[in-house]
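To start, the structure under review is shown below, and the notes come after it.
Any read-out appearing in this document is the output of simple, stated calculations on the displayed coordinates, not a laboratory observation. Please read all numbers here as calculations on a predicted model, not as lab measurements. Because the Cβ atoms are built from the backbone with ideal geometry, glycine has one as well, and the counts that use them run over all protein chains shown.
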Amino acid sequence: MSNLNQTMVEKYRNDFLNEVRANVEEGDWVNMCMQCGVCAGSCPLGPYWEHPPQEIFMMIRAGKREEVLTSTSMWMCTSCYNCIARCPRELPITHIMHGLAHYADRLGLAPKEQPTRKFANKFWDNLTKKGRVNELKLGLALYFMNGFMEGIKVAMANQKLGLNMIKTKRMNPMEIIGGHGVKDTSGLHAILKKAREIELAKAEEFKG
Amino acid sequence: MADIIATNETILVVGGGISGMTAALEAAEYGKQVILVEKEAGVGGRVSKLYKYFPKLCHPTCGQEINQRRIKMNPNVRLMTMTEVTEVSGEEGNYSVTLKTSPRYVNNNCTACGDCANAVEAEFDDEMNYGLGKRKGAYLPSRMSFPQQYVLDPRIIGTPDANAAKEACKYDAIDLDMQEESTSITVGAIVWATGWQPYDANKIQPYGYDRFDNVITSVEFERLMDPHGPTGGKLLRPSDGKEAKNIAFIQCAGSRDRNHLKHCSRICCMASLKQTTYVRERYGDDGKSTIYYIDIRAIDRIDNFFQNVKADETVTFIKSKVANIVENKENKNPVLRGVNTEGYDRYENEHDLVVLAVGMQPSVPAGDFPMNVVVNEHGFIEEDESNGGIFAAGCSADALDVNRAVQSATASALRAIQVVNRVAGTEG
Ligand SMILES: Cc1cc2nc3c(=O)[nH]c(=O)nc-3n(C[C@H](O)[C@H](O)[C@H](O)COP(=O)(O)OP(=O)(O)OC[C@H]3O[C@@H](n4cnc5c(N)ncnc54)[C@H](O)[C@@H]3O)c2cc1C
Ligand code: SF4
Ligand code: SF4
């Protein structure tokens, strides 16, 4: 168990609902769900989820911490916004799904092999380094996500796509050394650090 | 309408539905002078468009017949149909009111023989049936219409149909020169009873009321059951005129939804429960009703009714707000998709017909009142000191069933009586 996870378990004891409300982005909204089922029925990927959003919200209230945080479900969300458009209580369901996924990841509980989780982390690392996405490095990192041999295979298969992207100036082969970024990288890092501090302070201040 | 005599001891009742009629009669039978104005060509309001009404499941004709007789017998009530209030000024005990009366083109000679309707060719959507059927350009708004007088649709005025109607009338009842009239009156108190209207189902995009023939509203369903309705009382579905036997009811269609009406309309749960008894009445054990709901709100003594419907084996309850409806292109059956909250099972259920239990909203939108009144966030009139001598009755005040609407009307009549009594006291 990660340290952070241990801390949270001790801090909230059996009150998983309040843990979510305090620590998950938009988590406070979970209270507002009336279990109508529209989100679950509206999700285009719904049939493939283990637990649709409606059920996740009920599980949170029922204190099923382990089951929720280790679930692959919220990682299935494609941000289509169908559920948000239809929810009669205007819950920002999409954002809550991402918030839950992010929180589970922070705690080290998210399923390790979940591809969306892996990609999201790679994307974040790539982006935050210089403030710009390095398409080439991100692409390569993705290709080799499942091991070296697999990576070579994927890279060969996508050769043409890569060349076309270079031709249309969508990707620059020079990105492999350094790559472009924002002017003030350290400023960017300071912003991100501050954002994280604010996020943590908010959780600290939360009163159920 | 020069013969209208009203003083600041007169009570004006606006809206001639069950609430307005009740308020007017309570005050008149107590001895007050009452002017009852109704926008449509006859009184009765939305209740007269129901097939039966709970909890006793009587036909609306019975309650209405009594009220109409009471109005007819009581010289204290002055009924003005096709009339709206355009302006109100003044204060409690002394209001100046301007009324606008649209021409009926038919006078009191009318015996309701119907010869004019036979002579006229033009047809229009029938308001009585929420547009499900057609009526002639000369028409009696409903069989129960009170007053029992025909009306000419203004759209036939100036066409050969209008003259044909006039020539056909043996009683010289048709007057094509009638004009819109404006009347100014003084009254002491006002009971506002303009009622409700169904929420516009076209706005509930995922349910496809605007796209699928076999998705209808609860108010339309009432009309299908009426032996004098558009289908002669048969549950025929719009797409192919076949009998619908497997019927879905979707609750909270436009209610309890921040994208539509925020409030619970309170009546629609009971209305759908009632409508499952219609399905049983038509088909016995061969019919099938399925109610899709978030939670059933059957209030107090009406709970018995709920228990009886629950015991009916042809009625199934599915705890789920339907996510969306698609249409089976081959047979035009609506297919309902969603997840059942009890077990989180995904379903895709095909039905012959879907009835949307649409929400109730005030018939006069906030901002359209000809006077200052306090309305709540849902548009219903609030009880408030600053309303002075203006009192809301029935569904102008809230989404209510008939029982509660009538209680509310009686209360408002009493308040109005107190106002005009005070006026009489200070003057006499
Ligand atoms: C599907 C459905 C089924 C229902 N079934 C039942 C049932 O079985 N039992 C039950 O108890 N209740 C039932 N109800 C509720 C019932 O319809 C209401 O309680 C009832 O209509 C309230 O009467 P009202 O007079 O307040 O309003 P209304 O019936 O709306 O009457 C208002 C009157 O005011 C007139 N008016 C409107 N605007 C103006 C204006 N500007 N100027 C002058 N006049 C105006 C209208 O023409 C109308 O005549 C049902 C509702 C729905 C939606
Ligand atoms: S649509 Fe909204 S209210 Fe309904 S179950 Fe989903 S989150 Fe809850
Ligand atoms: S009465 Fe029933 S159907 Fe109508 S809004 Fe309330 S809960 Fe929904």
**Q.** Kirkwood-based shape ratio for the stretch B:199-360, expressed as Rg/Rh from alpha carbons
**A.** 0.93
Q. For A:Gln6 and B:Gln418, FRET efficiency with R0 = 60 Å and r from the beta-carbon atoms, rounded to 0.05?
A. 0.30
Q) How long are the three semi-axes of the equivalent ellipsoid of the protein assembly as shown, in whole Å, if each is the root of 5 times an eigenvalue of the C-alpha gyration tensor, listed from largest down? A) 61, 29, 25
Q. Other chains near B:336-347: what is the mean number of their Cβ atoms within 10 Å of each residue's Cβ?
A. 4
Q) What FRET efficiency do you get for B:Asn259 and A:Gln35 if R0 is 22 Å and r is their Cβ-Cβ distance, rounded to the nearest 0.05? A) 0.80
Q: Output the antiparallel fraction of DSSP beta bridges having both residues in chain B, as a percent to the nearest 5.
A: 50
Q) Among the trypsin sites (Lys or Arg not before Pro) within the stretch A:22-118, which fall in a DSSP loop and have no more than 14 other Cβ atoms within 10 Å of their own Cβ? A) A:Lys112
**Q.** Residue order, fewest to most beta carbons within 10 Å, for B:Ser320, A:Ser79, B:Ser255
**A.** A:Ser79, B:Ser255, B:Ser320
Q. Using the scaling law 2.2 N^0.38 Å as the reference, what is the normalised Cα Rg of the stretch A:10-132?
A. 1.04
**Q.** Computed E for A:Leu45/B:Lys234 - FRET, C-beta separation, R0 41 angstrom, nearest 0.05
**A.** 0.45
Q | Pairwise label distance in nanometres, B:Asp200 with B:Glu313, each label 7 Å out on the Cα-Cβ vector | A | 4.6
Q: Rank these for me by crowding, B:Arg135, B:Arg346, B:Arg143, going from fewest to most other beta carbons within 10 Å.
A: B:Arg143, B:Arg346, B:Arg135
Q.
To test your reading of the geometry: what angle, between 0 and 90 degrees and rounded to tens, separates the Cα axis of helix B:60-73 from the longest principal axis of chain B?
A. 0
Q: Using only the alpha carbons, work out the radius of gyration and Dmax of the stretch A:14-53 in angstrom.
A: 12.0, 33
(Q) Taking the Cα centre as origin and putting +1 on Lys and Arg beta-carbons and -1 on Asp and Glu beta-carbons, what dipole magnitude results for the stretch A:88-207, to the nearest 20 debye? (A) 360
(Q) Neighbour counts of other C-beta atoms within 10 Å: give me A:Lys129, A:Lys153, A:Lys167 arranged from fewest to most. (A) A:Lys167, A:Lys153, A:Lys129
Q. Assigning unit charges at the beta carbon (Lys, Arg +1; Asp, Glu -1) and nothing else, what dipole magnitude in debye, to the nearest 20, does the stretch B:199-360 show about its Cα centre?
A. 460
(Q) Largest first and in whole Å, what are the equivalent-ellipsoid semi-axes of the stretch B:176-236 based on the Cα gyration tensor, each being the root of 5 times an eigenvalue? (A) 36, 19, 15
Q: Restrict the search to the stretch A:32-118; then list the GluC sites (Glu not before Pro) that DSSP places in a loop and that have at most 14 other Cβ atoms within 10 Å of their Cβ.
A: A:Glu50, A:Glu90, A:Glu113
Q) If the label point is 7 Å along Cα→Cβ of B:Glu121, which residues in the stretch B:159-193 have backbone nitrogen under 12 Å from it? A) B:160-162, B:164
Q. With a sphere of radius 13 Å drawn around the Cβ of B:Ala366, what net charge do the other residues whose Cβ falls strictly inside it have (Lys, Arg +1; Asp, Glu -1)?
A. -3
Q.
Per 0.36 nm of contour for each residue apart, how much would the distance between B:Tyr347 and B:Glu29 grow if the chain were fully extended, relative to their Cα-Cα spacing?
A. 108.8 nm
Q) How compact and how long is the stretch B:32-85, expressed as Rg and Dmax of its alpha-carbon atoms in Å? A) 12.6, 35
Q: Return the average number of partner chain Cβ atoms within 10 angstrom of each residue Cβ along peptide B:253-261.
A: 3
Q.
Suppose each label sits 7 Å from its Cα in the direction of the beta carbon; what would the A:Thr128-B:Asn372 distance come out to in nanometres?
A. 5.8
(Q) Springs between alpha-carbon pairs under 10 angstrom, Gaussian network model over chain A: which of A:His98, A:His51, A:His180 fluctuates most? (A) A:His180
**Q.** the stretch B:90-149-the stretch A:122-154 distance, computed between alpha-carbon centres (Å)
**A.** 74
Q.
Considering only C-alpha atoms, what is the centroid distance from the stretch A:71-101 to the stretch B:226-279, in Å?
A. 31
Q.
As a test of understanding, state the convex hull volume per residue of chain B from its alpha carbons, in Å³.
A. 150
Q) What relative contact order, as a whole-number percentage, does the stretch A:92-208 give when Cα pairs under 8 Å and 6 or more residues apart are counted? A) 22
Q. How big is the C-alpha Rg of the stretch B:323-428 next to the rule-of-thumb value 2.2 N^0.38 Å, as a ratio?
A. 1.77
Q.
With angles folded into 0 to 90 degrees, how steeply does helix A:148-157 sit against the dominant principal axis of chain A? Use alpha carbons for both and round to 10.
A. 70
Q.
Quick test of your reading: applying the under-4.7 Å Cβ rule, which cysteines of chain A are isolated?
A. A:Cys33, A:Cys36, A:Cys43, A:Cys77, A:Cys80, A:Cys87
Q) Any idea what the relative contact order of chain B is, in percent, if you count C-alpha pairs under 8 Å spaced at least 6 apart? A) 20
Q) In whole angstrom, how long is each semi-axis of the equivalent ellipsoid of the stretch A:115-208, when you take the square root of 5 times every eigenvalue of its Cα gyration tensor and sort them from largest down? A) 33, 18, 9
Q. Could you give the dipole magnitude of the protein assembly as shown about its Cα centre, charging the beta-carbon of Lys and Arg +1 and that of Asp and Glu -1, in debye to the nearest 20?
A. 2640
Q: Would you mind getting the Kirkwood hydrodynamic radius of the stretch B:102-154 from its Cα pairs, rounded to one decimal in Å?
A: 11.3
**Q.** Principal-axis tilt of helix A:3-12 within chain A, Cα atoms, nearest 10 degrees
**A.** 20
Q) What shape does the stretch B:1-109 have by the C-alpha gyration tensor, where a ≥ b ≥ c are the square roots of the eigenvalues, rounded means a/c under 1.5, and otherwise prolate means a/b greater than b/c and oblate the rest? A) prolate
Q: Go from 0 up to the bin containing the longest alpha carbon distance in chain A, width 10 Å each, and give me the % of pairs per bin.
A: 8, 27, 30, 24, 11, 1
Q: Could you tell me which of rounded, prolate or oblate describes the stretch A:52-119, using a ≥ b ≥ c as the square roots of the eigenvalues of the alpha-carbon gyration tensor, with rounded for a/c under 1.5 and, failing that, prolate when a/b is larger than b/c and oblate otherwise?
A: oblate
